[in-house]
Amino acid sequence: MKVLIKKILKEYIKPNVKIEIIGWYPSDLLEELIKIDKLLLEQKLSYINQYDWNTAKNTVTSYLKNNIKEIKTSFLDRSGNKVFGTLEIDPSNHFYERFFRSEDPIYRDNPEYRDDPGYTEAIDLIVRESSQILKKIMTAKKTIRNGLELKIETNKYPYMTVIVIVKANPSTPSKFTLFLKTQMKGPYFTNFEPKSNIIKSHTKQL
């Protein structure tokens, strides 16, 4: 009976969203990643209809401009004081590409990838969890906040996972841009591994 009660309590208090640090990009590697992402515009992704691609980008751009702009949020530190901060969102081209994962020849025959995320689903998740995201960033060491890689993941099916990289603002220490690296709806991102040995080595120190 005690085991059952513990299990029920564990499920009851389990947070709906898990946010964890999964890596860190030094400034030069972060800039290289952004340059590589821009090259996606020069690639022809034959499985994505150009109209659908434009619709996705226009919808997200309009949503951010008219509804989000910047997210002003706060969290309580260990002393009970409110810490304020601002988050901005910058979607990558790879993030847009993942709206069409179910059409990708690599994934389309796998039933786990049948759910493509809605155009604003990842953004809405970030807005809802903005307080905890800010807390995760600002409680990390100042030296690694710029380039910090976070995984934001729901714990109920259909699972939603968003990978973001934090870009710090040198002139405003409490302001951060979230570079939306990728997203996935469906299975957990359990097999995620940082691609760079540099990232791996720094992740161990986080």
- Determine the pairs where a residue that is of a type in the set (F, W, Y), located within segment 19-39, has a partner that is part of a helix (DSSP H, G or I) and at pLDDT 90 or above with Cβ atoms under 6 Å apart, the partner being 6 or more residues away or on another chain. W24/I144
- Query: Taking segment 81-97 on its own, how many of its residues are in a strand (DSSP E or B) and more than 17 Å from E70 (Cβ to Cβ)?
  - Reply: 1
- Which members of segment 39-60 meet the condition of being of a type in the set (F, W, Y) and surrounded by 10 or more Cβ atoms within 10 Å (Cβ to Cβ)? Y47, W53
- Message: within 21 Å of F176 (Cβ to Cβ) and in contact with a Ser or Thr (Cβ under 6 Å, 6 or more places away or on another chain): is that true of Y25 in this structure?
- Response: no
- Query: Among the helices (runs of 4 or more DSSP H) confined wholly to segment 107-206, which include 2 or more residues that are at pLDDT 95 or above?
  - Reply: 121-128, 130-138
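The values are calculated or read from the model by the stated rules, or taken from the named source; none is laboratory data. As the structure is a prediction and not an experimental result, all values here were calculated from the model. So basically every Cβ, Gly included, is an ideal-geometry build from the backbone, and we count neighbours across all protein chains shown.
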